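Report on one structure; see the data block that follows.
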Protein chains: 2
Amino acid sequence: MQATRGEVADRVPVWFMRQAGRSLPEYRAAREGTAMLDSCRTPELVTEITLQPVRRYGVDAAIFYSDIVVPLKAAGVDLDIVPGTGPVVAQPFRTRADLDRLPELHAGQLGFVTEAVGLITAELGATPLIGFAGAPFTLASYLVEGGPSRDLLRTKALMHADPRLWHDLLSRLAQITGEFLRAQVAAGASAVQLFDSWVGALSVADYRALVAPHSAQALAAVRDLGVPRTHFGTGTGELLGDMAAVDGGVDVLGVDFRLPLDEGARRGREGLLAAGLDRGVAVQGNLDPALLFAPWDVLRPAVHRVLEAGEAAGGGHVFNLGHGVPPSTDPDVLHRVVDEVHAWRAGA
Amino acid sequence: MQATRGEVADRVPVWFMRQAGRSLPEYRAAREGTAMLDSCRTPELVTEITLQPVRRYGVDAAIFYSDIVVPLKAAGVDLDIVPGTGPVVAQPFRTRADLDRLPELHAGQLGFVTEAVGLITAELGATPLIGFAGAPFTLASYLVEGGPSRDLLRTKALMHADPRLWHDLLSRLAQITGEFLRAQVAAGASAVQLFDSWVGALSVADYRALVAPHSAQALAAVRDLGVPRTHFGTGTGELLGDMAAVDGGVDVLGVDFRLPLDEGARRGREGLLAAGLDRGVAVQGNLDPALLFAPWDVLRPAVHRVLEAGEAAGGGHVFNLGHGVPPSTDPDVLHRVVDEVHAWRAGA
């Protein structure tokens, strides 16, 4: 929490995106026989899975176990998560009439979230829980494509062909995302992270005009609650300034593995300045998940390079990977990374 | 050819990456019953397919119809192209012993290329044929992963875990790529393009140390032949300077849809300068393929924005998409884009 406020903590805090998930044998055991979406809506299971990596690794934060499409499902969208494929939407969203199938999300539909967050925070004690939600653009990409897609052709075509429909769709998704985040914070989450996984497919001009206002709307839903807000996507080298500046500025800017953290921070600050915002931004991320499969004598110096760049960034640093933990990761390697980060002292 | 030398031609030349392929009904008819790799090694079929988009659209260049893995197959690697999946390598390459299954490629194994290029250029007349090859990094990704992959974890892990093996693998691939390009130019191709499709997954530091020298080696194989060389990848915003500067500098820098062409050119020139190279670079690409699915009143101004940015780049402009033609593209839309580009006059 100190790091997200730009303070230099005694030690650099560390957690991993997708730390609760398939790389852990205890996760696979807990999930056995339960479909992905069912697991996300069963408070006891969400609690167990969210806590597993905290217990095993001693990471400094828990991330709420969920999936990017869970709030859509809660709002009533007909979709499923197909093992080996990902989210599959029964009827893709492509016309104005399709908007009728996307109602607002209400707190009353998120009882399972409130209950799970209550159970988790009771067990976590002083360790913060980070709330989780997918950003409107990434959610739209699943709705419009009907499932995962490499090039997002239909999504980008809709965005350009019918900007009014696009804005209406994203505004509705922002409401859903915002409500999902708000329910987590209201129930006790200490921070939130907005995941815009595929936004790196856009040009700056398109991001600014067609996406950023809706990510801002989603984050605005928790602004009055005073929790630090993290904003992350992959392939976002050109977008970092705009991503930092949404809704008056985020607290933490997620950076993937393509740019060093200090350069990411520089771009974030530049974006804040350009938006007339006189504030700093902490950074998070950057270790290439592929390095988790390299020998320790390669991985260790890479961890140190991220720590040094995070220190050089100068505005607060949360250690993380540049993308989610790959399912084939050896948990012992992640454990070693946590210990290495915790043993590191700035300037030592 | 003028544009690739940085000259302003009477009109902006235009061709499309993957113009010869699945979007054309005449391609689907010609390919009927022939497997992809077989079609690439049948000179009459390669000729017909290469010429189809030139006939239909009146584009200013033909691109040699092939696939990124064709030179690997010619060198003796056991692989196939599986419809709906892409290249699949029977035994992935991950150890030093695997290098034995990757022999050098010799001109004698490329008779089908020589024959096809001869047939094509005889029919093309004054229209240039661009030679095609995949870059060592992208080829390595298929060999190491065993097929297409979203995150290239094994490739990047090998690169970091065993840099000597990595360099040996890429050096051998550079020989194969270079030989494949050389055969095309020797037989009559007027230019070449090196496709490093997935290189945008790398940081600048990794690209510079572990990839660029091998792309340079591949392009060096045709340096003495005096043809213009184009270098292209997607997601390469951070890499354009290094990509422009390989092997003493390329003639044309391909830019995807994330950055405007004038900014791409600026980064290219910056990279050339940083490498001590006192020369310009032309630009190519940039129109987002997703816009081909938008209405004409959206697509037309987007085409004009690319034309204007290409002119502003100031060092020569070849109109193209920011990535390959999607298979579901309506050929009539591409035809309209060609006509629009040809009707445009700089400064008008």
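The values are calculated or read from the model by the stated rules, or taken from the named source; none is laboratory data. A quick note: this is a predicted structure, and the numbers were derived from the prediction, not measured. Neighbour counts run over all protein chains shown; Cβ positions are idealised from the backbone, glycine included. When the accessible area is computed, the model is the full protein with side chains, heavy atoms only, and any ligands, DNA or RNA have been set aside. Shrake-Rupley method; radii C 1.70, N 1.55, O 1.52, S 1.80 Å.
Using only Cα atoms, locate the centre of segment A:90-123 and the centre of segment B:1-35, then give the distance between them in Å, rounded to an integer.
46
Once R0 is set to 56 Å, what does the formula 1/(1 + (r/R0)^6) return for the Cβ-Cβ distance between B:Arg11 and A:Glu123, expressed as a FRET efficiency to the nearest 0.05?
0.20
For segment B:211-238, list whatever residues lose no less than 30 Å² of accessible surface once every protein chain is in place, relative to that chain by itself, with the probe at 1.4 Å.
Residues of segment B:211-238 that lose at least 30 Å² of accessible area once the other chains are added: B:Glu238.
Peptide A:152-162: average number of partner chain Cβ atoms within 10 Å per residue? Can you show the working numbers first?
Details: counts 1, 9, 3, 1, 7, 10, 3, 4, 9, 8, 3.
Shielding by partners across A:152-162 averages 5.
Net charge around A:Leu299, counting only other residues with Cβ within less than 14 Å of its Cβ (Lys, Arg = +1; Asp, Glu = -1)?
For residues surrounding A:Leu299, the net value is -3.
What does the charge count around B:Glu115 come to, taking other residues whose C-beta lies under 11 Å from its C-beta (Lys +1, Arg +1, Asp -1, Glu -1)?
0
Pulled fully out, how much extra length does the chain show between A:Ala312 and A:Asp98, if you take 0.36 nm times their separation in residues and subtract their Cα-Cα distance? Could you put the intermediate results ahead of the total?
Numbers: separation 214, 0.36 × 214 = 77.04 nm, distance 4.78 nm.
This chain segment gains 72.3 nm when fully extended.
What three numbers, in Å, describe the spread of the alpha carbons of segment B:212-348 along their principal axes, ordered from the longest?
Answer, in whole Å and largest first: 44, 33, 28 Å.
Give the B-A buried accessible area in Å², both sides summed, 1.4 Å probe, nearest 100.
Rounded to the nearest hundred, the buried surface is 2200 Å².
Can you list, shortest first and in nm, the gaps between the label point of B:Gly314 and those of its counterparts in the other copies, using a point 7 Å from Cα in the C-beta direction?
3.2
Using the charge dipole of the protein assembly as shown (Lys, Arg: +1 at Cβ; Asp, Glu: -1 at Cβ; taken about the Cα centre), state which of A:Leu272, B:Leu51, B:Leu181 has its Cα farthest towards the positive end.
A:Leu272
Per residue of chain A, what 222 nm ellipticity follows from adding -39500 (n - 2.57) for every DSSP H run with n ≥ 4, rounded to the nearest 500?
One gets -13500 deg cm²/dmol as the mean residue ellipticity at 222 nm.
Using only the Cα atoms of the protein assembly as shown, construct the convex hull and provide its projected area averaged over every direction, in square nanometres to one decimal.
Mean projected area for the protein assembly as shown: 29.2 nm², to one decimal.
Excluding B:Leu194 itself, what net charge comes from residues whose Cβ is under 11 Å from its Cβ, given Lys and Arg +1 and Asp and Glu -1?
Once all neighbours under 11 Å are counted, the net charge is -1.
For segment A:264-348, state which trypsin sites (Lys or Arg not before Pro) are in a DSSP loop and have at most 16 other beta carbons lying within 10 Å of their beta carbon.
A:Arg279, A:Arg345
Taking the Cα atoms of chain A, report the difference between the largest and smallest coordinate on each principal axis, in whole Å and largest first.
60, 49, 37
Averaged over peptide B:291-298, how many Cβ atoms belonging to another chain are found within 10 Å of each residue's Cβ?
The per-residue average across the peptide is 4.
What spacing in nm lies between the two simple spin-label points modelled at A:Asp38 and A:Ser328, each 7 Å away from Cα in the Cβ direction?
Once both label points are built, they end up 2.9 nm from each other.
Once you charge only the Cβ atoms, +1 for Lys and Arg and -1 for Asp and Glu, what is the size of the charge dipole of segment A:130-248 about its Cα centre, to the nearest 20 debye? Let's see the in-between values first.
Numbers: 9 positive and 11 negative charges, 23 e Å.
Roughly 100 debye for segment A:130-248.
Residue farthest toward the positive end of the dipole of chain A, with Cβ of Lys/Arg at +1 and Asp/Glu at -1: which of A:Phe16, A:Phe293, A:Ala220?
After comparing all options, I get A:Ala220.
Within segment B:3-343, what whole-number % of the accessible surface is contributed by carbon and sulfur, with the 1.4 Å probe and all protein chains included in the calculation?
50
Put a dot 7 Å past each Cα toward the Cβ at A:Leu273 and B:Ala274; how far apart are the dots in nm?
Result: 2.0 nm between the two label points.
Select from A:Val333, A:Cys40, A:Pro71 the residue farthest towards the positive end of the dipole of chain A; place +1 on Cβ of Lys and Arg, -1 on Cβ of Asp and Glu, and compute about the Cα centre.
The Cα lying farthest towards the positive end belongs to A:Pro71.
Looking at segment B:1-94, which chymotrypsin sites (Phe, Trp or Tyr not before Pro) are in a loop (DSSP not H, G, I, E or B) and have at most 13 other Cβ atoms within 10 Å? Working shown, then result.
Numbers: sites: B:Trp15, B:Phe16, B:Tyr27, B:Tyr57, B:Phe64, B:Tyr65, B:Phe93; in loops: B:Trp15, B:Phe16, B:Phe64, B:Tyr65, B:Phe93.
For chymotrypsin sites (Phe, Trp or Tyr not before Pro) across segment B:1-94 that sit outside H, G, I, E and B with at most 13 neighbouring Cβ atoms in 10 Å, the list is empty.
To the nearest 0.05, how large is the calculated FRET efficiency for B:Arg22 and A:Asp168 if R₀ is 41 Å and r is the Cβ-Cβ distance?
On the way: r = 34 Å, r/R0 = 0.82.
It comes to 0.75.
Magnitude of the Cβ-charge dipole of segment A:1-149, K/R +1 and D/E -1, about the Cα centre, nearest 20 debye?
So the dipole magnitude of segment A:1-149 works out to roughly 300 debye.
How big is the antiparallel share of DSSP beta bridges in segment B:3-343, given as a percent to the nearest 5? Show your work: numbers first, answer last.
Numbers: 4 of 27 bridges.
So the antiparallel bridges in segment B:3-343 amount to around 15 percent.
Cβ neighbours within 10 Å, averaged per peptide: list B:98-111, A:116-129, B:186-199 in order, most packed at the top.
My ranking of the peptides, most packed first, is B:186-199, A:116-129, B:98-111.
Ratio to report: Rg/Rh of segment A:122-225, with Cα atoms as the point set and Rh obtained by the Kirkwood method; give two decimals.
Taking Rg over the Kirkwood Rh, I get 1.04.
With a point put 7 Å past each Cα toward its Cβ, work out how far A:His106 is from B:Asp297 in nm, to one decimal.
Simple spin-label model gives 3.9 nm for this pair.
I'd like the distance separating the alpha-carbon centroids of segment A:193-249 and segment A:288-341, in whole Å.
24
Once you charge only the Cβ atoms, +1 for Lys and Arg and -1 for Asp and Glu, what is the size of the charge dipole of the protein assembly as shown about its Cα centre, to the nearest 20 debye?
In debye, rounded to 20, the protein assembly as shown gives about 140.
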